[in-house]
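The values are calculated or read from the model by the stated rules, or taken from the named source; none is laboratory data. This one's a predicted model, so the numbers in the text were calculated from it and none came from an experiment. Glycine gets a Cβ as well: all are built from the backbone with ideal geometry, and neighbour counts include every protein chain shown.
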Amino acid sequence: MNALALAIAMPDMYQGVRLPTQDGPRTGVVTVKDQYTVTNSSATPPNWNSGDLLFALYGQVGRYLVMYSTIVTGTYNLYFAGFGEGSSPSGSWVISPTNNFPVGNYNLSATWTLVGASGTGPHGSQLAIGMRGYSPYIFMNNNDTLSLGASWGTWTGTFNLEYYMYSGPNAADSPPVMLTYTVTAGAITGSSFTNTAPAGYCRVVIATLAVTSGTTQLNTGFSMNLNCVQTSGWRHLALTDFDSQSNGDVNMIQDCRVNAATLLCTNTTSLNSRQGTVLAARIVGKDPMVLVPADVAQSSKYTGDAAMGVYTFKEFSSYAEAFRQCVTGERTNFMSFDIDYNDFYHFIQVTCPGAGTTPNTYTLSLCATVEFKTQVQRYATGVAESPFGLLPAARTEINAVPDWFYENPLHMSDIYGWVLKKARAFAGHVRDNLPAYASIVRGVGSLLL
């Protein structure tokens, strides 16, 4: 029980631990680590203070950490589902692979078949796609744009695209922004969509199509790009060991779960320049991009000295138990995440009053244990060594100590402390009730005989 609790709370020290599951599947397991450097700047996050760094630890493979900081600009090329057995994703959105559209008007209401976004920008070599059922969403900072390619076949006419912004789990998307595009002998003209709302997730629908001359070509479509224009904003970080655009292996995330997810934020600034505070809380049901300080103040919050950094780990909740597909499709190499995730994420604000003159620098260490089902023979597979009954006990042991944020470097001794305390209490309980436990064992033994 204690080993399972420590594997959840400190995967860096207890690596590669399979957690017991009721059906006892044969799985592979790996503990992976990423590291980033981030510095306070004078930029002001919406609703927060100048110089603040903001972090949201989701612990999902494709959306592991979301943070507000200075970011680079860049462009991501969008890829769409191929059609037919064995088809690969294409850089063009093909509206219909089987039908041409002769002269006429058509009501399509077709959601885009987006499967991936790769390029160079603030989110790394690819930006994971948020999935709600079969509807894909892409993240956009405020003022980011979605632009269309220059051509689509040789036909002439118009089409309308509807752009919807995600409003949260179990909520309908915001009313759409509709833009009209003109096609003249295949050349597309029209305005790019600009996200004028707070940062969030967007999906696109082609609403109507009007062909005035020619015929839209079979298996042709138009390309789309995400243009990231902000120099400060929200950044999505995935686990790079599974990022195919950075030599990662997507075979391990076809059917997987995250057994442990942690974030260690270490202040690496010179001792006499360290400043600021840490405010942290577990949040559920509201995206970090629209949080306000009052949301954190109403939670069971943690406060600490930014000079000492902060450590946090995710609970292994009932949501985390399920094995999920974390790619956008069986024939794609692009990562995805459940956009309707409705469990706790860990939100951290790190202030820096003198960010304009003496900014602080932090090393972010991400560590996760990912367990996965696979038929690929090169992975070593096995079953969990602990019986399933110990997992609920380990989870109860963790939840009985409502401390999710720790000062660095004291987090290790603090976590060891409460685990050992619980272990001693459990040992005392067994000692005090030894006759009862002995009778149970004797009864089970007689049944086996």
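Summary table below
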| quantity | calculated |
| --- | --- |
| Unmet requirement for Met165, which otherwise passes all of (1) out of contact with any helix residue (DSSP H, G or I) (no Cβ under 7 Å at 6 or more places or on another chain); (2) of a type outside the set (D, E, K, R); (3) over 30 Å from Asn49 (Cβ atoms) | (3) |
| Output for segment 151-169, where each listed residue is under 32 Å from the mean Cα position of the chain (by Cα) and of a type in the set (Gly, Ala, Ser) | Ser167, Gly168 |
| Scope segment 339-361; condition touching a Ser or Thr at 6+ places or on another chain (Cβ under 6 Å) and of a type outside the set (D, E, K, R); matching residues | His346, Thr351, Ala355, Gly356, Thr358, Pro359, Asn360, Thr361 |
| Some residue of segment 205-228 being modelled with pLDDT of 95 or more, out of contact with any Leu (no Cβ under 7 Å at 6 or more places or on another chain), buried (at least 22 other Cβ atoms within 10 Å of the Cβ) and not in a strand (DSSP E or B) | no |
| Among (1) over 24 Å from the mean Cα position of the chain (by Cα); (2) crowded, with 17+ Cβ neighbours inside 10 Å, the one test that Leu239 misses | (1) |
| Check on Val32, surrounded by 17 or more Cβ atoms within 10 Å (Cβ to Cβ), part of a strand (DSSP E or B), among the β-branched types (Val, Ile, Thr) and touching a helix residue (DSSP H, G or I) at 6+ places or on another chain (Cβ under 9 Å) | yes |
| Residue check for Gly200: among the small types (Gly, Ala, Ser), under 20 Å from the mean Cα position of the chain (by Cα), more than 22 Å from Tyr134 (Cβ to Cβ) and at pLDDT 95 or above | no |
| Residue match in segment 171-183 (condition: of a type outside the set (Val, Ile, Thr), under 25 Å from the mean Cα position of the chain (by Cα) and under 26 Å from Glu330 (Cβ atoms)) | no |
| Residue match in segment 312-329 (condition: within 20 Å of Tyr68 (Cα to Cα), assigned by TED's automatic domain parsing to the domain that holds Asn272, touching a residue at least 60 places away in the same chain (Cβ under 8 Å) and of a type in the set (A, V, I, L, M, F, W, C)) | yes |
| Enumeration of residues in segment 338-357 that are in contact with a strand residue (DSSP E or B) (Cβ under 8 Å, 6 or more places away or on another chain) and charged (D, E, K, R) | Asp338, Asp340 |
